[in-house]
1. Any residue at all in segment 34-51 that is of a type in the set (Ser, Thr, Tyr) and within 18 Å of Asp114 (Cβ to Cβ)?
2. Which pairs do you get when a residue that is over 20 Å from Val109 (Cα atoms) and of a type in the set (A, V, I, L, M), found in segment 171-190, comes within reach of a residue that is at pLDDT below 90 and open to solvent by 20 Å² or more (accessible area, probe 1.4 Å), reach meaning Cβ atoms under 7 angstrom, with the pair 6+ apart or on two chains?
3. Does Ser206 count as touching a residue at least 40 places away in the same chain (Cβ under 8 Å), over 24 Å from Val79 (Cα atoms) and surrounded by fewer than 21 Cβ atoms within 10 Å (Cβ to Cβ)?
4. Find the residue count for segment 107-150, including only residues that are among the acidic types (Asp, Glu) and either touching a residue at least 60 places away in the same chain (Cβ under 8 Å) or surrounded by 14 or more Cβ atoms within 10 Å (Cβ to Cβ) (or both).
5. Determine which member of the set Gly148, Gly154 is in contact with a Gly (Cβ under 7 Å, 6 or more places away or on another chain) and modelled with pLDDT of 95 or more.
6. Read through the list (1) aliphatic (A, V, I, L, M); (2) more than 20 Å from Ser72 (Cα to Cα); (3) surrounded by 23 or more Cβ atoms within 10 Å (Cβ to Cβ), then give the number of the only condition that Ala162 fails.
7. Among the residues of segment 164-211, which ones are small (Gly, Ala, Ser) and more than 19 Å from Ile99 (Cα to Cα)?
8. Do you know which of the residues in segment 68-81 that are in a strand (DSSP E or B) and acidic (Asp, Glu) is nearest to Val109 (Cα to Cα)?
Amino acid sequence: MRLFSTLIASLFAVFGGAASGQTYIMMPDSTNNRLMLFDTNDGSLVNANYFALTPSTTPIHAMQVGNEIWISEQIGDKVSRWDLSGNSLGAITGAMDNIRGMARVGNTVYVCNDGTGNGAPGPSLRMFDTAGADLGFFLTPSTSGPFGILENQGSLLVSSDAANDDIHRYSFTGTPMGTFHNTTTLNFAEQMNYAHDGSILVAAFSSNNIM
């Protein structure tokens with residue numbers, strides 16, 4: 001299992017604040033076990049400690065699901081659930097190991113799973129409804145652990161932690177739709193999101209770049 005210990009998150013996950021109605025960028029800080037908020041316009045820090053996170057679980061991705069904040073915990077092997085004020089609402093557990101990024105499409109939340117512990121299926125996307133009920137999973141290539149998910153043109157793009165095996169495309173039900181991108185200049189693709197012009201930005205861990 002590869003661990004990411006400092007400020008790793010989906011940098012583009014946003015939510016509407018319960019009190020202010022503002023929208024922020026959320027980022028878990030796994031070193032200091034906190035959820036941080038940033039301004040969506042200029043990236044300035046708004047709140048360095050919006051609420052405390054569970055220690056020693058390596059939070060990866062925070063996003064809003066309805067009136068909750070869901071946070072994937074890589075070592076914790078669960079998706080913790082919080083209200084918009086930071087009060088714990090429990091967690092989604094079971095059959096997950098070494099989980100990474102998430103994405104919501106309609107009423108389905110997809111979660112990247114890489115390990116086989118706890119009865120997990122190995123490299124795959126776990127699926128849950130917005131109430132946390134298990135909707136099953138579909139497998140991704142065994143040689144490439146999924147990390148990030150992005151909805152794109154009626155399908156899912158899934159980034160990979162393997163070199164030369166960067167981004168795959170799947171239907172929403174898990175049917176493989178081929179390779180979206182593969183190049184030697186991108187290694188260990190993580191988060192993905194859209195630039196203002198509609199192109200796709202991909203952050204890479206091992207090649208230390210954004211494409």
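1. Here is the first cut: in segment 34-51, the ones of a type in the set (Ser, Thr, Tyr) are 40, 44, 50.
Filter once more, so that each one left must be within 18 Å of Asp114 (Cβ to Cβ): none.
No, every residue in segment 34-51 fails to be of a type in the set (Ser, Thr, Tyr) and within 18 Å of Asp114 (Cβ to Cβ).
2. Close Cβ pairs satisfying both conditions: Leu186/Ser207; Leu186/Met211.
3. Details: touching a residue at least 40 places away in the same chain (Cβ under 8 Å): yes; over 24 Å from Val79 (Cα atoms): yes; surrounded by fewer than 21 Cβ atoms within 10 Å (Cβ to Cβ): yes.
So Ser206 passes the test.
4. Within segment 107-150, the first condition is being among the acidic types (Asp, Glu), and the residues that meet it are 114, 129, 134.
Adding the requirement that they be either touching a residue at least 60 places away in the same chain (Cβ under 8 Å) or surrounded by 14 or more Cβ atoms within 10 Å (Cβ to Cβ) (or both) leaves 114.
Adding up the residues that qualify gives 1.
5. After applying the criteria, what remains is Gly148.
6. Unmet for Ala162, out of (1) aliphatic (A, V, I, L, M); (2) more than 20 Å from Ser72 (Cα to Cα); (3) surrounded by 23 or more Cβ atoms within 10 Å (Cβ to Cβ): (3).
7. Ser171, Gly178, Ala195, Gly198, Ser199, Ser207, listed by residue number.
8. Quick first cut of segment 68-81, residues in a strand (DSSP E or B) only: 68-73, 78-81.
Now drop any that are not acidic (Asp, Glu), which leaves 68, 73.
Values: Glu68: 13, Glu73: 15 Å.
Among them, the one singled out is Glu68.
The values are calculated or read from the model by the stated rules, or taken from the named source; none is laboratory data. Just so we're clear, the structure is a prediction, and the values are computed from it rather than from any experiment. In this analysis, Cβ positions are derived from the backbone assuming ideal geometry, glycine residues included, and neighbour counts consider all displayed protein chains. Ligands, DNA and RNA are stripped out before the accessible areas are found, and what is left, the full protein with its side chains, is counted by its heavy atoms. Shrake-Rupley method; radii C 1.70, N 1.55, O 1.52, S 1.80 Å.
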